[in-house]
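FYI, it's all coordinate maths here, none of it is from the lab. Only a predicted model underlies this, so the values are computations on that prediction, with no experimental measurement involved. In this analysis, Cβ positions are derived from the backbone assuming ideal geometry, glycine residues included, and neighbour counts consider all displayed protein chains.
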Amino acid sequence: MTAHDVSQFEVKVQPFYRAVGNEEALYEAAYKRRMPVMLKGPTGCGKSRFVEYMAWKLGRPLITVACNEDMTASDLVGRFLLDKDGTRWQDGPLTTAARIGAICYLDEVVEARQDTTVVIHPLTDHRRALPLDKKGELIEAHPDFQLVISYNPGYQSLMKDLKQSTKQRFAALDFDYPEAGIEAEIVARESGVDAEVAQKLVQVAQRTRNLKGHGLDEGISTRLMVYAGQMIAEGVDPVAACQMTLVTPLTDDPDMRQTLQAAVETFFVS
């Protein structure tokens with residue numbers, strides 16, 4: 001790999017991240033030992049932004065993989081491809097990260113098949129190696145390489161959960177939605193609305209989070225509130241903006257939509 005190859009994975013602009021505890025210090029300590037780290041928390045609460053921010057802060061390249069149920073081991077480690085000159089090997093994102101010393105972030109790793117996730121095991125213990133069986137090569141991870149995974153414990157099931165043999169290879173940080181004042185600050189900063197509108201959006205979200213397990217799989221995330229704020233900042237009527245970004249994405253159930261719409265109107269209809 002050349003310096004040019006590494007530069008495409010650099011986080012060049014500081015991402016906005018608002019710390020809510022000692023997560024930055026804990027992550028930095030883990031990175032000093034190149035310890036694998038697992039981030040656990042609900043969707044849209046800032047896990048991916050945190051990894052991006054820490055990669056920027058530590059000056060490390062970042063390679064992110066959005067995991068899905070169709071992802072194979074070859075999608076992670078690489079495969080042989082045919083071209084006009086015959087066959088050539090194409091590294092996958094995990095292999096690239098191990099070679100260049102990047103932070104490799106496997107987002108929502110629980111979505112991947114269990115026979116796929118086992119390929120990360122040799123990189124998460126004392127071996128710090130990645131066998132490329134198809135190529136007959138053993139890659140020793142770059143000294144700066146680190147593996148980070150995330151998943152949403154709220155979606156755990158017998159069919160979709162990490163094996164203990166995988167979980168116990170990682171240190172873990174718990175993430176959740178911030179307390180109301182900090183969350184309103186984040187929404188205002190990220191969307192461009194004023195503090196009053198941001199506070200109203202947070203109040204709507206908090207009401208929906210109380211419905212988790214009572215008709216909703218998840219409450220409104222910080223991410224969706226930022227979307228609502230961005231629409232409002234563009235001059236869209238707040239009720240219509242909330243309908244589009246907070247109500248419609250969350251549920252298809254007519255009664256639940258009515259409940260969510262009533263919560264929106266409580267704060268945005270005078």
* Asked: Given the Cα-Cα distance of VAL6 and GLN258 and 0.36 nm per residue of separation, how much length would full extension add, in nm?
  -> 85.8 nm
* Structure fact -> Listed by chain and number, the aspartates and glutamates with an alpha carbon less than 20 angstrom from that of LYS160, same-chain partners under 8 positions apart left out, are GLU69, ASP70, ASP75, ASP107, GLU108, GLU111, ASP115, ASP174, ASP217, GLU218
* Mind checking the angle between helix 222-233 and the chain's longest principal axis? C-alpha axes, 0 to 90 degrees, to the nearest 10. -> 60 degrees
* Cross-link partners among lysines for LYS57, C-alpha distance below 29 Å, same-chain residues fewer than 8 apart left out? -> LYS12, LYS32, LYS40, LYS47, LYS167
* Asked: Hey, what do the phi angles of the range 185-190 turn into as Karplus ³J(HN,Hα) couplings, whole Hz, using 6.51/-1.76/1.60 and θ = phi - 60°, x for Gly and Pro?
  -> 4, 5, 4, 5, 5, 7
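Once the piece of chain linking ALA195 and ALA233 is laid out straight, how much longer is it, given 0.36 nm per residue of separation minus the C-alpha distance between them?
Numbers: separation 38, 0.36 × 38 = 13.68 nm, distance 1.21 nm.
12.5 nm is the gain from fully extending ALA195 to ALA233.
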* To do: Could you tell me the convex hull volume per residue, in Å³, taken over the Cα atoms of the range 180-268?
  => 75 Å³
* What residues have an amide H closer than 5 Å to that of ILE149, excluding those fewer than 5 places away on the same chain, when H is modeled at 1.01 Å from N in the peptide plane? -> VAL37, MET38, LEU39, LEU106
* Label points 7 Å out from Cα along the Cβ direction at LYS163 and ALA66: separation in nm? -> 2.8 nm
* Asked: How much FRET efficiency would the formula 1/(1 + (r/R0)^6) give for ASP176 and LEU138, where r is the Cβ-Cβ distance and R0 is 51 Å, rounded to 0.05?
  -> 0.80
* To do: May I ask you to list the lysines whose Cα is less than 29 Å away from that of LYS84, ignoring any residue fewer than eight positions away on the same chain?
  => LYS134, LYS135
* Structure fact -> Tilt, helix 23-32 to longest principal axis of the chain (alpha-carbon atoms), in degrees rounded to tens, equals 0 degrees
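In debye, nearest 20: dipole of the chain around its Cα centre with unit charges on the Cβ of K, R (+) and D, E (-)? If you can, show how the numbers build up before the last one.
Details: 30 positive and 38 negative charges, 189 e Å.
Magnitude of the dipole: close to 900 debye.
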